[in-house]
Amino acid sequence: MTSLFRFVVVMIAFFVTQPLFAAENVVNVYTWSEEIPHFVIAQFEKETGIKVNYSTFDSNEIMYAKLRANKNAGYDLVEPSSYFVERMQHQHMLLTLDKTKLLNAKNLDPAFLNRAYDPRNEYSIPFIWGITGIFLNKNYYNEQDAEQWKNLLDKKYANQLMFLDDSREVFSMALRMLGYSINDSNPEHIHQAYLKLKTLMPNVKLFNSEAIISILIDEDATVGMAWNGDLYKAHQENNKLQFVYPKDGFEIWVDNFVMLKTAPHPENAYKFLDFLMRPEIAKAVSMNIHYSTANLAARNLLPPEIKNNPALYPTQATLSHGEFQTDVGDQAHVLFEKYWEQLKMGG
Amino acid sequence: MKAHDNSLKYFSLGTIWLWLIVFALLPFALVTLASFASHDDTHLLTTPATLLNYFQLNNAIYLKIFKQSFYIASTCTVICLLLGYPFAYTIARMQSRYKSLLMLLIIIPFWTSSLIRTYSMITMLKPKGIINSILLWTGIIDKPLPLLFSDTSVMIGLVYNLLPFMVLPLLTNIERLDNRLIDAARDLGANRFTTFRRIILPLTMPGILSGSILVFLPAMTIFYIPDLLGGSKSILLGNLIQNQFLIAQNWPLGSAISVVFTLILAVMLLVYWHSMGNKERDLL
């Protein structure tokens, strides 16, 4: 009996202990999936002797739930999207960054600094960004058919459209159709957006966030909503694909690095973050994942066919129609989720 | 020797009990506790204890989600039974040296993850997929059929994934069927249909019931098949619970849904248990 008791104690201890690597020379990094290529991590480990424990997530919500469920998860650097930087800051989860340890921050693109979600970049460093816009396949539609989100309400798209499986993205689009900001948290406006989406539902063929590229390439869906980086990737296999910046406005998202207050290895985290902001490293990351870099020095190093590609680097005039995502608060989140359930259940 | 046997027995039983307590009872107890908690902006779970989460479930949208899941799972079970019964019957009664090979073929799909097999169904069903390509090539159709991202593709995926769970219990059950009873029925003048209805069907009822339960329960909660093959256009129970935990960050409500669902399943299992005679209970 005593040995059984001891066994139970050991089992419980095993499940509740902190990560054992807390004292070692490591840095624990938690980013969007496939964001940092292995050769970049290997180079950092070789230069500094610091081991990188790299884990990934595929939605902000999962990352946030994990960090909240276990306050001592042991992560140092995390990469939330802009509106989650704000949300995490409201929860006092973020460390104020010591800029003297981030000398490569001078390489960053000023267009992505001091935005509303972190007005003085005290907590976050922008890394990768993109646009949520309209895609269409020129074998089936003309660009004039879908210049604005509003055009997607047309009956000719019955059971044709693909949308991201993400309530916030889809509501942002509906709010733009109505002329409201994507960051509008007025319950009345969100209700109007819901009614708008209800009229759009007969046109929806599918919601998807995981297999977008293969769906675009194989023409499983030929028009709808997509991220520009995915479209760029798919375009290399199917040149009929076209990305459209909706004239009635669109969302600009930015993935940022933040440090947690509970970070066990802040010094190593600074070293890794500064390393990622080196122009040649940021360029390698951007070329590997095919998304736009928020590092101006890195962007200048990119091959001309990428840095001049309007799908990845739109002009300032185009960008002026875009809005940066900010946190809309828990009340709006609950509304989005409630209406999202109703929308999918046809209620 | 005797004492040695006993300690081995206690050890293996103890391990199973420990396993069930740590990985089944304890998590369920935690979920039950969480379902009575409140939540606010800064806490996932907090006091005071409340019944509010359960009252919130009395909501048209949740009832609709439950009804929809129930409907899909029942349809899937009926289709699996209609396909699986003749199939299991044929294999079980077959006098062929290939019989064990055929049984092996039912098992082989389990060697691959169900998620990967669902992705391969996409390749079959998509507009440029295998089925459409063949139909186009043979000239049966002149435009790809919109098979993927529809209710049909969800049902195909569910039946494909769950059919073995219907066939295997039926196979075991039908194999045990005593041939002499069938012969006796025929000798006494029963035709094929009467023999099936009065002899075979009642004797294989335990197999039908356990097969149906094994298909129905996962069909209620497998959320990735409707997501992947149906284009996430509707929310089923699995998605609902997942969303409450991850997106809406409402752990108490998500827990309450899980608890109610578990209780409903437990009641169904109890009804099943009581519907069987003592003898069949022993056979399980």
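Here are a few things to note about the model shown:
- Relative packing of A:78-88, A:192-202, B:177-187, which averages over residues the other C-beta atoms within 10 Å, highest first: A:78-88, A:192-202, B:177-187
- For the peptides A:68-75, A:123-130, residues were scored by their other Cβ atoms within 10 Å and the scores averaged per peptide; the highest-first order is A:123-130, A:68-75.
- Inter-part distance where region A:303-320 and region A:74-131 are each reduced to a Cα centre, Å: 23
- At the listed q of 0.10 Å⁻¹, the Debye profile of chain A, built from one uniform point per Cα, gives log10 I(q)/I(0) equal to -0.65.
- When you restrict to C-alpha pairs under 8 Å that are six or more residues apart and normalise by the size of region B:60-283, the relative contact order lands at 27 percent.
- Distance violations [Cα-Cα > 26 Å] among A:Lys233/A:Lys283; A:Lys233/A:Lys271; A:Lys198/A:Lys240: A:Lys233/A:Lys271; A:Lys198/A:Lys240
- Each peptide in A:159-172, B:126-139 gets a packing score, the mean of other Cβ atoms within 10 Å over its residues, and the list from highest to lowest is A:159-172, B:126-139.
- Neighbour-count order for A:Thr326, B:Thr75, A:Thr222, B:Thr15, fewest beta carbons within 10 angstrom listed first: B:Thr15, B:Thr75, A:Thr326, A:Thr222
- Mean Kyte hydropathy of 0.5 or more with a Cα span along the axis of at least 18 Å, helices from DSSP in chain B: B:60-93, B:151-175, B:201-221, B:251-275
- Lysine pair count for region B:60-283 with Cα-Cα distance under 23 Å and sequence separation of 8 or more or different chains is 6.
- Take each residue of peptide B:241-247, count the partner chain Cβ atoms within 10 Å of its Cβ, and average: the result is 5.
- Convex hull volume per residue for region B:60-283, taking Cα atoms only, in Å³: 182
- For the peptide B:106-119, the mean number of other protein chain Cβ atoms found within 10 angstrom of a residue's Cβ is 0.
- The Stokes-Einstein estimate for the protein assembly as shown, based on a Kirkwood radius over Cα pairs and taken at 20 °C with 1.002 mPa s viscosity, is a diffusion coefficient of 76 µm²/s.
- Average beta carbon contacts from partner chains per residue of A:214-223, 10 Å cutoff: 4
- Amide H contacts under 5 Å for A:Ile252: A:Glu323, A:Phe324, A:Gln325, restricted to partners 5 or more places along the chain or on a different chain, H placed in the peptide plane at 1.01 Å from N.
- Short-range pairs are left out: with C-alpha atoms under 8 Å and at least six residues apart, the relative contact order of chain A is 27 percent.
A short reminder: the numbers here are calculations on the coordinates, not readings from a lab. On a predicted model such as this, the values are computed, not experimentally measured, just so you know. Every residue, glycine as well, gets a Cβ built from its backbone with ideal geometry; the counts of neighbours run over all protein chains shown.
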